[in-house]
Amino acid sequence: MGLDSEVGALGPVPAEIRPPSFRRTLAHRPFFLLWASQLISQSGDFVFAVALLWLVLQTTGSIFAVGLVVTATLLPAVVLGPVLGVYVDRWPRRPLLLATNVLEGVLVAALSLLIVAHDIGLGAILGIVAALGAGAQVVRITSNALVPQTVGLDDLAPANSLLSFSSSFNQVVGLSIGGVVVALFGVAIPVEYDALSFLLAAVLVAGIPRAVGRPAGPDSGIPPEGFRTQFAEGFAFVRRNRFLVEVIALGVVVNFFGNAVFALFAPYADLVLHGGPAAYGLLGASIAAGAILGALVAGKVNARRHAGRYLFGGATGIGATMALLGFAGTIPEALAVTFGLGVLLSLTNVPLLTVVQAKVPGRLMGRAMAVLMSLLMAAGPVGSFFAGSFAGARGVLTVFLVSGISILIVVAIGFGVMTELRNVQY
């Protein structure tokens, strides 16, 4: 069964499609408030990330503890995602986003008080970080589900482009400033700023009209269902629709090898580029800077009639760039390649998210997004483990080369057999 047969309300692709417009997209007040809230809260997140890892090192002196904290941050997205998706579809999305931002702000403020009182241990850090990871997944799913309820089809791509831009922009600025602030003033001020950023984001979300993001009501013809039924419906919808299955199949491969490459950036910077931590920071900033440019370009490209081919083209570019990284032995070469990788990541991810938002019914958006994200993110830890094992035996550059070539092979095969994904439009 094709996805279009499930989403009959969308109808055929219209003959006249307005060109993408950032100005028109930002003129939608509910979306502007949603985007501004993300811009502010994410500015605190990246500063907090620097302070958090430094705090763990100061508190424990253990690299292993740092790994535990990173795992506690990522695990809720994989484990809880499908469960959280049910509530994103069941509850009004605006109040859910508002409450989550407030709770995250309170949690980070509590962490700040513990730091000031010098009463912080690894157990408390792990508990707070795991709760923040769950909250971040709620915000991620809810925001993505809200976008189609704040703009029209013509403005979906610019909307997702703006959200991608704000994330990458905050990554560049936040990581840079975060390192300086932590070095000069310690971890307390960045943590306090992150708490404030969540509360400011909540104020902006509160300005979104109450009618935006309401779930399907009793007059929609959808019978009331229990949690188990709704949970199963999300998986069943994804399983029934070949387009989403093909997205997951291709995305798992790209994420597996992509995380294998990203996991080796630190040893690559040290052992191959001989640049140490400074080179490692430059690589991350280079990818984020490329992602900013890619997001701006993606928001201006009208890909509605050829969305599937854009996705395959972007995935091909990602594979080629990762393979090229296997030949980059100097810092200028590495920065040029990683900048290109960042551009291609945005050019692929923005159309992908846009197509999913356009093709999935609103009442199932939270569950479908949650299932999609959880399955794609689950490939990350496995890819990182593969990278460490393989690099130890064959070297970092070999992992980059093999990862890129593997993606190219899978994309070539997928272009031939994944007909729903190749021909998707909206």
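Are there any pairs with C-beta distances below 7 angstrom linking a residue in region 266-295 that is closer than 17 Å to residue 321 by Cβ to a residue that is in a helix (DSSP H, G or I) and aromatic (Phe, Trp, Tyr), with the two at least 6 apart or on different chains, and if so which?
Pairs that qualify, where the first residue is closer than 17 Å to residue 321 by Cβ and the partner is in a helix (DSSP H, G or I) and aromatic (Phe, Trp, Tyr), are 283/265; 286/339; 289/339; 290/339; 292/165; 292/169; 295/165.
Do you know which residues across region 112-140 are touching a residue at least 60 places away in the same chain (Cβ under 8 Å) and surrounded by fewer than 17 Cβ atoms within 10 Å (Cβ to Cβ)?
116, 121, 122
Hey, which of the helices (runs of 4 or more DSSP H) in region 1-104, taking only ones fully inside, have at least 1 residues that are at pLDDT below 80 and of a type in the set (Asp, Glu)?
Working: elements: 3-6, 22-26, 29-60, 63-90.
It comes to 3-6.
What pairs come out if I take residues in region 141-162 that are assigned to a loop (DSSP other than H, G, I, E, B) and pair them with residues that are of a type in the set (Gly, Ala, Ser) and buried (at least 24 other Cβ atoms within 10 Å of the Cβ) whose C-beta lies under 6 Å away, six or more apart or interchain?
151/159
Residues of region 320-348 being of a type in the set (S, T, N, Q) and surrounded by fewer than 20 Cβ atoms within 10 Å (Cβ to Cβ), which ones? Give the derivation first.
So the first thing to find is which residues in region 320-348 are of a type in the set (S, T, N, Q), and the list is 321, 330, 338, 346, 348.
330 - this is the single residue of region 320-348 that is of a type in the set (S, T, N, Q) and surrounded by fewer than 20 Cβ atoms within 10 Å (Cβ to Cβ).
Please verify whether residue 418 is farther than 27 Å from residue 285 by Cβ, surrounded by 22 or more Cβ atoms within 10 Å (Cβ to Cβ) and modelled with pLDDT under 95, treating the condition exactly as stated.
Working: farther than 27 Å from residue 285 by Cβ: yes; surrounded by 22 or more Cβ atoms within 10 Å (Cβ to Cβ): yes; modelled with pLDDT under 95: no.
No, not satisfied.
Take the conditions under 22 Å from the mean Cα position of the chain (by Cα) and among the hydrophobic types (A, V, I, L, M, F, W, C) and apply them to residue 412. Does it pass? First the steps, then the outcome.
Working: under 22 Å from the mean Cα position of the chain (by Cα): no; among the hydrophobic types (A, V, I, L, M, F, W, C): yes.
No.
For region 298-319, enumerate the residues that are surrounded by fewer than 21 Cβ atoms within 10 Å (Cβ to Cβ), of a type in the set (A, V, I, L, M, F, W, C) and modelled with pLDDT of 95 or more.
312
Could you check region 309-336 and list, in sequence order, the residues that are over 20 Å from residue 298 (Cβ atoms) and β-branched (Val, Ile, Thr)?
The initial filter retains those residues of region 309-336 that are over 20 Å from residue 298 (Cβ atoms), namely 323-336.
Passing the criteria: 330, 331.
One residue is enough: does region 78-85 have a residue meeting the conditions under 30 Å from residue 228 (Cα atoms), surrounded by fewer than 22 Cβ atoms within 10 Å (Cβ to Cβ) and more than 17 Å from the chain's Cα centre (by Cα)?
yes
Which of the residues that make up region 131-168 are small (Gly, Ala, Ser), under 16 Å from residue 359 (Cα atoms) and touching a Pro at 6+ places or on another chain (Cβ under 7 Å)?
157
Considering 410, 371, which residue is in contact with a helix residue (DSSP H, G or I) (Cβ under 6 Å, 6 or more places away or on another chain), in contact (Cβ under 8 Å) with a residue 40 or more places away in the chain and surrounded by fewer than 22 Cβ atoms within 10 Å (Cβ to Cβ)? Lay out the reasoning, then the answer.
Values: 371 fails: surrounded by fewer than 22 Cβ atoms within 10 Å (Cβ to Cβ).
It is 410.
The values are calculated or read from the model by the stated rules, or taken from the named source; none is laboratory data. Computed from a prediction, not measured in an experiment: that's the story for all the values here. Note that we place each Cβ from the backbone using ideal geometry, even for glycine, and neighbour counts take in every protein chain shown.
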